[in-house]
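The values are calculated or read from the model by the stated rules, or taken from the named source; none is laboratory data. If you're wondering where the values come from, they're calculated on a predicted model, not measured in any experiment. All Cβ positions, glycine included, derive from the backbone under ideal geometry; neighbour counts span all protein chains shown.
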Amino acid sequence: MISKNMNYAFQVEYQEQAVQGNINNKKLINVLNEQAGSITTWGKQHVKALTSATTQKLFFKTQYPGVLIGTGYPHETGKATGEIQVGFSFDYVTGAPYYPGSSLKGVIRSTIDKAISSDEKEMYLCYIHDVLNEMGPKYVSESTLRKFVELTFGNEKKSDKAIEGIDIFYGGFIVGYKNDIIGIDSLAPHGTDLTKAPTPIAMLRIMPDVNIVFAIDIRNSDSLDQLGFTKEVRCNLYRKILEDFGIGAKRNVGYGNLLLDEKFQYKEKKNK
């Protein structure tokens, strides 16, 4: 592999090698991590480009065992033993790994939606109330919460009543790391037959101790203010959901845990 673009190295060069049955996972990981400095530079540039007067930057650090992103993308060729079998989210142009804005919006909205309609509705509603009460005593009815969701996230109805959400979720960008950014891991699912030896599934992950900044444009809204969901309340709610529920796939087995890291800062290079 000779490409310096991580997306191309993984999606094209590695795939070509897998088809020929000649993969080298260690070399792939080395190629990806050799670009660690460029990854953080791209991340900072992304965040800087998206920053406005209303953009909130939420600083987190990944925890063990790391974060899985983009696992729904097909990748396996079936031609090589031990090949990485699931996809990963790399920016198409820069090649940098990132957490898509649609996924960021989805993980936050799904938590709030569960307080409106799910089998665990009461538990999630209590959670939402606890978070809101951190900003002052507040009780939110189900109808108010529904209105908040519609105004904040929009709806997907293909009709004249379809609305665009007020807040914009740009995504999560890597801006720092301790050792490596990308690593390889494997899951060994048993399936329905617990007596059958599991077949390990190789996959890429974002390693622990990687600094990620989530950029969200939390905009002013008189309608949301009237419901009690001011900019400050929404920012705190989003931050808590990310901190308490994590991001990415396989969160039920420990992946995706985040630690709030408000002390982490970085210097942005000034444009000449």
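Restricting the range 182-202 to residues that are at pLDDT 90 or above and hydrophobic (A, V, I, L, M, F, W, C), the residue that is nearest to PRO97 (Cα to Cα) is ILE182.
If the condition is being more than 25 Å from the chain's Cα centre (by Cα), surrounded by 15 or more Cβ atoms within 10 Å (Cβ to Cβ) and part of a helix (DSSP H, G or I), then the range 14-28 contributes GLN17, ALA18.
Consider GLN11 carefully, then state whether it is exposed (fewer than 13 other Cβ atoms within 10 Å of the Cβ) and either touching a residue at least 24 places away in the same chain (Cβ under 8 Å) or in contact with a strand residue (DSSP E or B) (Cβ under 9 Å, 6 or more places away or on another chain) (or both). Judged against the criteria, GLN11 is not a match. Among the residues of the range 238-258, the one identified as over 16 Å from SER89 (Cβ atoms), part of a loop (DSSP other than H, G, I, E, B) and modelled with pLDDT under 95 is GLY254. Quick check on the range 29-52: of everything there that is part of a helix (DSSP H, G or I), touching a helix residue (DSSP H, G or I) at 6+ places or on another chain (Cβ under 8 Å) and touching a residue at least 60 places away in the same chain (Cβ under 8 Å), which residue is surrounded by the fewest Cβ atoms within 10 Å (Cβ to Cβ)? The extreme case among them is LEU32.
Scanning the range 53-82 for residues that are polar (S, T, N, Q), in contact with a strand residue (DSSP E or B) (Cβ under 8 Å, 6 or more places away or on another chain), more than 15 Å from ILE212 (Cβ to Cβ) and surrounded by 15 or more Cβ atoms within 10 Å (Cβ to Cβ) turns up THR55, THR71.
The residue of the range 103-130 that is nearest to the chain's Cα centre (by Cα), among those that are of a type in the set (A, V, I, L, M) and farther than 12 Å from ILE247 by Cα, is ILE112.
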